[in-house]
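Enquirer: Okay, handing you the structure first.
The values are calculated or read from the model by the stated rules, or taken from the named source; none is laboratory data. Here the structure is a predicted model, which is why all the values come from computation and not from measurement. Ideal geometry is used to build each Cβ from the backbone, glycine not excepted, and the neighbour counts take in all protein chains shown.
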Amino acid sequence: MGIAKITYKIIANPTSGRGNGARAEAVIDRVFGRAGVKYDLVETRGPGDARRLAQEAILSGADVVVAVGGDGTAHEVVNGLVHLAQTRGNWDTGAPVGTLGIVPLGTGNDFAWRLGMPENDPEAACRLILEDRRRVIDLGQITDERGVTEIFHNHMGGGFEGATAIESQKIRRLRGLMLYLVAVLRVIPRFSKGVLTTVRFNGGTETRPILLASVANGGRSGGGFKIAPQAQLDDGLLDLVLADSPNVGIILWLLPHFLLGTHGTQKKYVAMHRTSHIVIETPAGLPVHLDGEIFRQDAKRIEITVLPKRLQVITNP
């Protein structure tokens, strides 16, 4: 459809990026207003609000839902779209649940990086959204031992990564990559030895102490760690990254490799695979984040499955 006929629902998280979301609203209003399109800009008021607003957007006839904020805001919007499709009976058709645009203004902006959207530049991001270049991508689904199921669009981080995400929420003055680096340094002493974990994928089973077990749809996590540099959003597969370490020194050695995306060369400590279905079990319990949002602090069993071609996104070609 022509851009003039597209209806946009813009969901802004005013607290994202230490207030960047609120400061960007005037810019967003100006760009969309000058474009002469139909749009509605609303603010979230607290955790979970973006899910509700995303569902209301589709019910009111919006063609594109725009998440203004970070990975967490987009995570809520995507889960809202999925939940609505499930409750309306549209989920089983296999069709995309909606169209997502992102104005990346959060702490990490990792998914937006994979889409090529400019970070912390709301005017440029809005202009790209109005160009309306779309692609259909996969989603990931996780279910824990309690039967709780959630969707992730970019990344699931278990073990060291999950603990780092939890720690990052305690740090108030920093943002971006520096925030996660400080959180990493705080967490390292607690992960000097791996946690005994069983991982099942591609018809096989591995049981060993692990530092982290990550499952990537996009390629970046933690505001700059290229956890799965070869990951593709639309290949029907998820990238599984397993790492272990015998001591703190090796963790510090691996850290710059994860930043640069060269950890795949460290085969003594890191294994990388592609698969569509993964089961991870550990009696000790695993901290888990989804798109930077805390899912569990002590998951003992998680099952992860790829959901091919379930979300349409606006991207930078």
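Enquirer: Restricting to the range 87-117, give me the number of residues that are assigned to a loop (DSSP other than H, G, I, E, B), closer than 13 Å to G69 by Cα and modelled with pLDDT of 95 or more. Outline the logic, then answer.
Expert: Going through the range 87-117, the residues assigned to a loop (DSSP other than H, G, I, E, B) turn out to be 89-90, 94-98, 105-109, 116-117.
Pick out the ones that are also closer than 13 Å to G69 by Cα and you get 105-109, 117.
Still in the list and also modelled with pLDDT of 95 or more: 117.
Result for the range 87-117: 1.
Enquirer: Of all the residues that make up the range 244-253, how many are among the hydrophobic types (A, V, I, L, M, F, W, C) and touching a residue at least 40 places away in the same chain (Cβ under 8 Å)? Talk me through it step by step, then tell me what you get.
Expert: Taking the range 244-253 and keeping what is among the hydrophobic types (A, V, I, L, M, F, W, C), we get 248, 250-253.
Adding the requirement that they be touching a residue at least 40 places away in the same chain (Cβ under 8 Å) leaves 248, 251-252.
So the count comes out to 3.
Enquirer: If you check every pair at least six apart or on different chains, which have Cβ atoms under 8 Å apart with a residue in the range 49-65 that is at positive phi first and a residue that is surrounded by fewer than 23 Cβ atoms within 10 Å (Cβ to Cβ) and not in a helix (DSSP H, G or I) second?
Expert: As it stands, the answer is G61/T7, since those pairs meet every condition given.
Enquirer: Next question, about the same structure. Looking only at the range 270-316, count every residue that is among the small types (G, A, S) and surrounded by fewer than 21 Cβ atoms within 10 Å (Cβ to Cβ) and tell me the total. Outline the logic, then answer.
Expert: Taking the range 270-316 as the starting set, the residues that turn out to be among the small types (G, A, S) are 271, 276, 284-285, 292, 299.
Now restrict to residues that are surrounded by fewer than 21 Cβ atoms within 10 Å (Cβ to Cβ): 271, 276, 284-285.
So the answer is 4.
Enquirer: Go through the range 170-188 and give me each residue that's small (G, A, S) and within 20 Å of F295 (Cβ to Cβ). Even if it seems obvious, please write down each step before you answer.
Expert: So in the range 170-188, the residues small (G, A, S) come out as 176, 183.
The answer is A183, and nothing else.
Enquirer: If we keep just the residues of the range 201-251 that are within 20 Å of R296 (Cα to Cα), of a type in the set (S, T, N, Q) and in a strand (DSSP E or B), which is modelled with the highest pLDDT?
Expert: Among them, the one singled out is S214.
Enquirer: Could you check L260 against (1) touching a residue at least 24 places away in the same chain (Cβ under 8 Å); (2) surrounded by fewer than 23 Cβ atoms within 10 Å (Cβ to Cβ); (3) at positive phi and say which number it fails?
Expert: Going through (1) touching a residue at least 24 places away in the same chain (Cβ under 8 Å); (2) surrounded by fewer than 23 Cβ atoms within 10 Å (Cβ to Cβ); (3) at positive phi one by one, L260 breaks only (3).
Enquirer: Which residue out of T149, T198, T93, T99 is touching a residue at least 60 places away in the same chain (Cβ under 8 Å), among the hydroxyl-bearing types (S, T, Y) and either touching a helix residue (DSSP H, G or I) at 6+ places or on another chain (Cβ under 6 Å) or surrounded by fewer than 16 Cβ atoms within 10 Å (Cβ to Cβ) (or both)? Quick ask: steps written out before the conclusion?
Expert: Details: T149 fails: touching a residue at least 60 places away in the same chain (Cβ under 8 Å); T93 fails: touching a residue at least 60 places away in the same chain (Cβ under 8 Å); T99 fails: either touching a helix residue (DSSP H, G or I) at 6+ places or on another chain (Cβ under 6 Å) or surrounded by fewer than 16 Cβ atoms within 10 Å (Cβ to Cβ) (or both).
Step by step, each of T149, T198, T93, T99 is checked, and only T198 is touching a residue at least 60 places away in the same chain (Cβ under 8 Å), among the hydroxyl-bearing types (S, T, Y) and either touching a helix residue (DSSP H, G or I) at 6+ places or on another chain (Cβ under 6 Å) or surrounded by fewer than 16 Cβ atoms within 10 Å (Cβ to Cβ) (or both).
Enquirer: Filter the range 258-270 down to the residues that are in contact with a strand residue (DSSP E or B) (Cβ under 8 Å, 6 or more places away or on another chain) and over 16 Å from G194 (Cβ atoms) and list them by number. Don't jump to the end; show me each part of the working.
Expert: As a first pass, look at the range 258-270 and keep what is in contact with a strand residue (DSSP E or B) (Cβ under 8 Å, 6 or more places away or on another chain): 258-259, 263-264, 269-270.
Matches in the range 258-270: L259, G264.
Enquirer: Sticking with this structure for a sec: For the range 170-199, what are the residues that are assigned to a helix (DSSP H, G or I) and farther than 21 Å from L260 by Cβ? First the steps, then the outcome.
Expert: As a first pass, look at the range 170-199 and keep what is assigned to a helix (DSSP H, G or I): 176-191.
Answer for the range 170-199, where residues must be assigned to a helix (DSSP H, G or I) and farther than 21 Å from L260 by Cβ: R186, P189, R190.
Enquirer: So which residues in the range 118-130 are of a type in the set (D, E, K, R), within 30 Å of R172 (Cβ to Cβ) and either touching a residue at least 40 places away in the same chain (Cβ under 8 Å) or assigned to a helix (DSSP H, G or I) (or both)?
Expert: At the first step, the residues of the range 118-130 found to be of a type in the set (D, E, K, R) are 119, 121, 123, 127.
With the extra rule that they be within 30 Å of R172 (Cβ to Cβ), the set shrinks to 119, 121, 123.
The one that is of a type in the set (D, E, K, R), within 30 Å of R172 (Cβ to Cβ) and either touching a residue at least 40 places away in the same chain (Cβ under 8 Å) or assigned to a helix (DSSP H, G or I) (or both): E123.
Enquirer: In the range 138-169, how many residues are part of a loop (DSSP other than H, G, I, E, B) and closer than 15 Å to H289 by Cα?
Expert: Within the range 138-169, the subset part of a loop (DSSP other than H, G, I, E, B) is 145-148, 153-154, 169.
Next cut, closer than 15 Å to H289 by Cα only: 148, 153-154, 169.
Number satisfying all stated conditions: 4.
Enquirer: Which of the residues that make up the range 263-293 are in contact with a helix residue (DSSP H, G or I) (Cβ under 6 Å, 6 or more places away or on another chain), in a strand (DSSP E or B) and over 15 Å from V241 (Cα atoms)?
Expert: The answer is P287, E293.
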